[in-house]
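Have a look at the structure below before the remarks.
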Amino acid sequence: MTAARRVAILGGNRTPFARAGGKYAKASTQDLLTAALEGLIARFGLGGERLGEVVAGGVMKHTRDFNLTREAVLGTSLDPHTPANDIQQACATGMQATIQVANKIALGQIDSGISGGTDSASDAPIAVSEGLRGILLDLNRARTPGQRLKILARFRPEFLAPALPQAAEARTGLSMGEHMALTNQQWDIARADQDALAAASHQNLARAWEDGFFDDLVTPFLGVTRDTTLRPDTTVEKLAELKPVFGKDLGEAATLTAGNSTPLTDGASTVLLSSEEWAEQHHLKPLAWFVDAETAAVDYVSGNEGLLVAPAYAAARLLARNGLTLQDFDVYEIHEAFASTPLTLLKMWESEEFCSDKLGLDAPLGSIDRSKLNVNGGSIAAGHPFAATGGRILATTAKLLAQNGGRALVCVCAAGGLGVAAILEAAR
């Protein structure tokens with residue numbers, strides 16, 4: 001086996017993210033992923049190129065999208081001999097896609113690849129009821145008119161009720177917001193701190209757009225040129241006026257509002273990765289190295305742990321493996337599923353009891369310099385098309401490192417009690 005090779009992040013591209021039911025209401029997840037891929041291909045002159053692999057996925061997929069990524073690749077100007085496969089890990093899909101591509105490059109199995117993710121809450125799949133599904137399957141197998149009439153006699157009007165997509169966790173019946181409300185109560189995250197983080201997310205993202213930071217990271221799609229969920233005029237005072245939408249039965253402890261939670265969003269993102277040799281052969285300068293990553297899971301069902309806190313564990317293990325402290329970073333990108341999500345993770349790392357009892361550490365991981373957190377905005381302002389969030393964050397982080405140097409810690413939580421952490425370093 002050959003020694004592991006360094007993996008370069010060369011750049012990224014995404015569609016502007018749009019509020020569900022808005023500008024992308026008629027676009028499919030495949031349309032969005034194809035657009036994000038083609039924008040990346042055009043930016044890096046990859047038309048006609050056969051890449052090692054394209055790995056991407058979506059969380060809310062139709063049955064017709066069983067080969068989503070391959071179909072999207074065939075809709076682009078890439079060489080059609082470029083392999084592709086789907087991957088899915090809820091909100092961490094884009095991160096896992098990148099890990100898969102990066103690992104293959106590191107092992108020498110491929111020299112280049114694209115990771116990505118796409119989701120459209122506007123194009124969410126709607127299934128028929130179990131009763132109607134059974135009838136349709138049996139009708140397909142029936143051979144005689146008599147058999148078909150007998151099957152149709154089983155029909156009941158209530159079978160016409162569609163099975164709508166649910167945001168609830170299968171094992172608890174609670175939505176992600178309801179779970180986060182409980183975690184928020186457990187860790188006592190103040191409403192004012194959540195609103196302050198949400199306001200900063202909008203203000204930082206708005207400044208980054210005005211500064212042109214996203215000019216080479218985003219390709220307009222269907223006439224949309226900027227994230228439509230961005231509210232540059234949002235203030236802490238305006239956010240403080242909103243009523244809670246999750247955990248209402250918690251009384252005064254209910255603090256998650258529509259303003260400090262991410263909205264349902266449509267969009268897609270992609271990241272171009274390669275070996276050093278491939279980058280040099282194509283005259284492309286790496287933005288950052290994808291150093292290492294770790295995935296963790298927590299027992300949110302019976303273990304009294306929050307649904308979205310697994311990155312606390314993933315980051316701790318990642319730091320230990322790489323001999324780093326939590327303070328050894330110049331950039332922190334922590335997914336804002338809710339404003340209280342990064343705030344909870346920061347509080348867990350500061351907790352002597354949690355770090356001792358849960359992480360097995362002699363001392364807390366400690367605090368971070370908050371001025372280094374999500375400096376160009378986060379998911380609350382940009383939106384959160386589930387599978388597309390990882391690519392957005394990684395591309396943004398890599399460009400920040402290319403501009404300023406240093407090292408970055410990326411954390412993304414996901415449904416199912418999952419979480420991913422990754423380390424990036426500037427390619428200087």
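The values are calculated or read from the model by the stated rules, or taken from the named source; none is laboratory data. This structure is a prediction, so every number in the text was calculated from the model and none was measured. So basically every Cβ, Gly included, is an ideal-geometry build from the backbone, and we count neighbours across all protein chains shown. These accessible areas exclude ligands, DNA and RNA; they are computed on the full protein's heavy atoms, side chains included. Shrake-Rupley method; radii C 1.70, N 1.55, O 1.52, S 1.80 Å.
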Would you be able to say whether some residue in segment 155-164 is open to solvent by less than 40 Å² (accessible area, probe 1.4 Å) and among the hydrophobic types (A, V, I, L, M, F, W, C)?
no
Residue check, GLY360 over 23 Å from the mean Cα position of the chain (by Cα), in a loop (DSSP other than H, G, I, E, B) and not basic (Lys, Arg)
yes
Which residue pairs have Cβ atoms closer than 7 Å, lie 6 or more positions apart in sequence or on different chains, and pair a first residue in segment 177-193 that is over 17 Å from GLY303 (Cα atoms) and open to solvent by 20 Å² or more (accessible area, probe 1.4 Å) with a second residue that is in a helix (DSSP H, G or I) and of a type outside the set (D, E, K, R)?
ASP193/LEU343
Please go through segment 368-385 and pick out each residue that is assigned to a loop (DSSP other than H, G, I, E, B) and not aliphatic (A, V, I, L, M).
ASP369, ASN374, ASN376, GLY377, GLY378, GLY383, HIS384, PRO385
Could you check segment 46-67 and list, in sequence order, the residues that are farther than 20 Å from ASP123 by Cβ, open to solvent by less than 60 Å² (accessible area, probe 1.4 Å) and either assigned to a loop (DSSP other than H, G, I, E, B) or among the hydrophobic types (A, V, I, L, M, F, W, C) (or both)?
LEU46, GLY47, GLY48, GLU49, LEU51, GLY52, VAL54, VAL55
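Per-residue answers, yes or no, for (1) closer than 28 Å to LEU418 by Cα; (2) open to solvent by less than 40 Å² (accessible area, probe 1.4 Å); (3) in contact with a strand residue (DSSP E or B) (Cβ under 7 Å, 6 or more places away or on another chain):
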| residue | (1), (2), (3) |
| --- | --- |
| ARG5 | yes, no, yes |
| GLY39 | no, yes, yes |
| ARG43 | no, no, yes |
| THR69 | yes, yes, yes |
| ASP79 | no, yes, no |
| PRO83 | yes, no, yes |
| ALA92 | yes, yes, yes |
| GLN100 | yes, no, yes |
Going through segment 401-428 in order, the residues found to be assigned to a helix (DSSP H, G or I) and open to solvent by 10 Å² or more (accessible area, probe 1.4 Å) are ALA402, GLN403, ASN404
Give the residue that is surrounded by the fewest Cβ atoms within 10 Å (Cβ to Cβ), with candidates limited to residues of segment 255-279 that are at pLDDT 95 or above and aliphatic (A, V, I, L, M).
ALA258
Helices (runs of 4 or more DSSP H) within segment 209-324 that include 2 or more residues more than 30 Å from LEU46 (Cα to Cα):
236-240, 310-322
Considering only segment 328-351, I want to know if a residue exists there that is in a loop (DSSP other than H, G, I, E, B), open to solvent by 30 Å² or more (accessible area, probe 1.4 Å), on the phi < 0 side of the Ramachandran plot and at pLDDT 95 or above.
yes
